[in-house]
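The values are calculated or read from the model by the stated rules, or taken from the named source; none is laboratory data. What you see is a predicted model; the values in this text were computed from it and never measured. Positions of Cβ are generated from backbone atoms using ideal geometry, with glycine treated the same way; all protein chains shown enter the neighbour counts.
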Amino acid sequence: MMGSKSKLWTEMYDKYVVHTYSTLPVILNDTKSKGVEIWDMDGKKYLDFWAGYSALNLGHHHPETWKVLRNSGLVTRACYDRYLALLGKTISELVGFDAMILPKNSGAEGVESAIKTARMWAYRTGMVSRNQSEIIVMNHNFHGRTITVISFSSEKQYKNDFGPHTPGFIPVDYGDVKNIKKAITSNTIAVLMEPMQGEGGIIIPPVSYLNDVRALCDKHKILLILDEIQTGLGRTGKMFCYEHNGIKPDLLILGKSLCGGTPAILSLVVGRRDIMELWQPGDDGSTFGGNSAAAAVALETFNVLEKENLIKNSAELGEYFKNQLKEIKNPLIKEVRGKGLFIGIEFFPEAGGARKYVNKLIEKGILCKEAHEHVLRISPPLTIGKEHIDFFIEKFKEVLGG
Ligand SMILES: Cc1ncc(COP(=O)(O)O)c(C=O)c1O
């Protein structure tokens, strides 16, 4: 039940803010949040098992990233910047291949820029004729909401009333390399996918899928573009999800938690040097993308991930969490699956949809969100402790029982 303060704000919100979200029945007071804990406008406390769709891997108000943000300023991208230089170097060392970075703001912009990069590479190397390129994408993907990106979404609501759409994308089913093999033509330049589909319902492909896709891309000399906007930065128990398979992408897209849970915003295309060196001054740009403050905060994010052992925490506590959930025997639960602290609980349709359980958990002081209709997604800050997980399990059992 919402208190009177919350009611006042939600009524105003409903009147003046466009309803593009099916908003959760809670209004948060973010000035007070800390780590995994967050309070609403009426003073009720919640534990955050959602982390703003994985934008808060370091938790709320991490003192180190916020300190860097407070001590930063805004300077133009048209000058050299030491933080962006250092960030590029740091990431090139982390990804395990000689890389350069192309910075943007939102995740969707990062995806757009990866698509631009792939097309530019294909045309400038003479691989295919101009305007002919095809990129193979996955059904049930989620890569954001811009016109080009929704053009290859399989969700009708995301695309149907927003055409005309951008051509050049060939959708196939996720999880079986044979589907990609069949779709490759002489105009194919790249395969774009999430290493685990997040918003599509926490879908984990077969173990060797990424290895097979990598081998196929190598065979046809096409690019493997991995969208790790959600799975990156420790979410799945590795810095990048592709590390589970021992492969490397040609282009990697990062976003969300790069700015350590501060309102600074940054997305990156991290690409093989020989591809990225084809970019020329004037080909691309962004007023805010890669600004000094965002770059400085992102650098601190990588420091914190390492200093606080958050990736190990994600791997170990993710395993603990998953096992605890698997021990709950309930006829409404179809499957519990996940990697690190990116876990999905899939309900049978008879359960009435995951949103019902999201709302019940909110009443019990737990924030989480559905992914697709029947999956409850769990993606807490990586700073979470065992005691928080035990609290979730206790409340989840009550919700299932009631
Ligand atoms: C895998 C993936 N790619 C892209 C995006 C889009 O990011 P943004 O909302 O910052 O544009 C998201 C957001 O949820 C995502 O999960």
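The figures follow:
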quantity	calculated
Residue within the range 144-159 that is polar (S, T, N, Q), within 16 Å of the ligand (Cβ to nearest atom) and touching a Leu at 6+ places or on another chain (Cβ under 8 Å) present	no
Residue check for S4: within 28 Å of K322 (Cβ to Cβ), touching an Asp or Glu at 6+ places or on another chain (Cβ under 8 Å) and hydroxyl-bearing (S, T, Y)	no
Single condition A78 does not satisfy, out of (1) without any contact (Cβ under 8 Å) to a residue 40 or more places away in the chain; (2) within 16 Å of the ligand (Cβ to nearest atom)	(2)
Exclusive hit being more than 28 Å from Q230 (Cα to Cα), surrounded by 16 or more Cβ atoms within 10 Å (Cβ to Cβ) and either within 25 Å of the chain's Cα centre (by Cα) or of a type outside the set (D, E, K, R) (or both), set S33, S54, S6, S92	S6
Within the range 63-135, helices (runs of 4 or more DSSP H) holding 3 or more residues that are in the same structural domain as F302 (by TED's automatic domain parsing) and closer than 28 Å to L223 by Cβ	82-95, 107-124
Failed item in (1) more than 16 Å from the ligand (Cβ to nearest atom); (2) touching a helix residue (DSSP H, G or I) at 6+ places or on another chain (Cβ under 7 Å), with L266 passing the rest	(1)
Matching residues in the range 199-238 - criterion: being within 16 Å of the ligand (Cβ to nearest atom) and aliphatic (A, V, I, L, M)	I202, I203, I204, L210, L224, I225, L226, I229, L233
Residue list for the range 365-400, filter: assigned to a loop (DSSP other than H, G, I, E, B) and more than 20 Å from K34 (Cβ to Cβ)	H372, E373, H374
Within the range 232-289, tally of residues that are farther than 20 Å from S54 by Cα and crowded, with 24+ Cβ neighbours inside 10 Å	4
Complete set of residues in the range 328-354 that are at pLDDT below 95 and within 15 Å of F49 (Cα to Cα)	none
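Condition check ((1) within 20 Å of the chain's Cα centre (by Cα); (2) more than 12 Å from G271 (Cα to Cα)) across all residues:
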position	(1), (2)
G96	no, no
P103	yes, no
A108	yes, yes
E112	yes, yes
E134	no, yes
F152	yes, yes
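One line per residue, one yes/no per condition, for (1) over 15 Å from K104 (Cβ atoms); (2) of a type in the set (F, W, Y); (3) not in a strand (DSSP E or B):
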residue: I253; (1), (2), (3): no, no, no
residue: A294; (1), (2), (3): no, no, yes
residue: L299; (1), (2), (3): yes, no, yes
residue: E306; (1), (2), (3): yes, no, yes
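Conditions tested, residue by residue: (1) in contact with a Lys or Arg (Cβ under 7 Å, 6 or more places away or on another chain); (2) within 16 Å of the ligand (Cβ to nearest atom); (3) of a type in the set (A, V, I, L, M); (4) more than 28 Å from I184 (Cα to Cα).
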position	(1), (2), (3), (4)
I38	no, no, yes, yes
K89	no, no, no, yes
P103	no, yes, no, yes
G110	yes, yes, no, no
R124	no, no, no, no
R130	no, no, no, no
